[in-house]
1. Give the dimensionless ratio obtained when the Cα radius of gyration of region 77-165 is divided by 2.2 N^0.38 Å.
2. May I ask you to compute the full-extension gain from Ala102 to Lys39, defined as 0.36 nm times their residue separation minus their alpha-carbon distance, rounded to one decimal in nm?
3. Which of Lys81/Lys101; Lys81/Lys160; Lys81/Lys151 have a Cα-Cα distance over 28 Å?
4. If you count, for each residue, the other Cβ atoms within 10 Å and average over each peptide, how do 129-142, 148-161, 33-46 line up from highest to lowest?
5. Between the alpha-carbon centers of region 71-105 and region 129-147, tell me the distance in whole angstrom.
6. For Thr46 and Met78 in the same chain, what is the full-extension length gain: residue separation times 0.36 nm, less their Cα-Cα distance, in nm?
Amino acid sequence: MQKTVCTLLLLFMVPILNGCAYSVYDDQRLMGTMTTDKKLSTRIKTALLNENFTGGMEIAVYSFYGHVFLIGEVPGNMQEKAVVIARRYSPRSITAHWFTKAKSDISNFVLATKLRTALISTPGLSSTRIDTEVNAGRAVLLGVVQDAQEKDLAIEAARKVQGIISVTSYLMLPQQAGHIDDFRQEQVSGIAPGGSAPTASESTMADEAGIVESHNLP
């Protein structure tokens with residue numbers, strides 16, 4: 001009986017381990033860099049929660065090559081406090097993407113599921129490299145992709161999801177060891193289906209309906 005239970009547990013764990021291994025292998029960062037990024041984002045997230053920051057639960061924290069991204073919907077008078085807290089941990093940079101309040105006919109969960117399905121089903125695109133945040137039809141893409149072509153595929157796939165009204169991409173290309181401080185932000189604007197040409201802006205609050213803005217990070 002004990003042998004049977006052990007065998008079943010092993011069979012259950014194999015696909016989980018394979019999934020984790022695939023995800024780690026598929027990430028374009030070195031293992032050491034991924035570990036450092038994870039620790040950094042966890043420390044900042046924990047600090048937001050521990051310091052009575054009431055909006056902490058609404059802020060997603062990501063780190064890639066030491067560059068930190070704060071994504072969420074918090075009151076204007078609390079946004080700077082979140083950045084100050086994150087700055088204590090000496091990230092290479094901080095990008096804050098604050099969603100303005102908005103309503104959507106489709107729930108965030110449903111849209112996030114549709115977006116993830118679109119990324120998974122796109123040929124030539126590895127969805128395990130991409131993290132997503134969705135708020136009232138506004139999508140944010142983050143992660144380290146293999147090349148510019150994969151970045152474009154992800155943005156285009158997100159744009160085609162019904163219910164998504166804007167896409168902001170903070171997708172990065174792999175950085176070479178010793179050059180991860182070379183960080184430039186280049187904004188490329190596009191037109192969403194039924195939208196109009198956007199006006200170039202360096203603001204990280206790119207949330208107007210009908211506009212697709214891609215902040216392409218090298």
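1. Taking N as the residue count of region 77-165, the ratio is 1.24.
2. 19.5 nm
3. Pairs exceeding the cut-off: Lys81/Lys160; Lys81/Lys151.
4. The packing order, highest mean first, is 129-142, 148-161, 33-46.
5. 16 Å
6. 9.9 nm
Only the coordinates and a few stated rules stand behind these numbers; no lab work does. Computed from a predicted model, the values in this text were never measured in an experiment. Methodologically, a virtual Cβ is constructed for each residue, glycine included, from the backbone with ideal geometry; neighbour enumeration extends over all protein chains shown.
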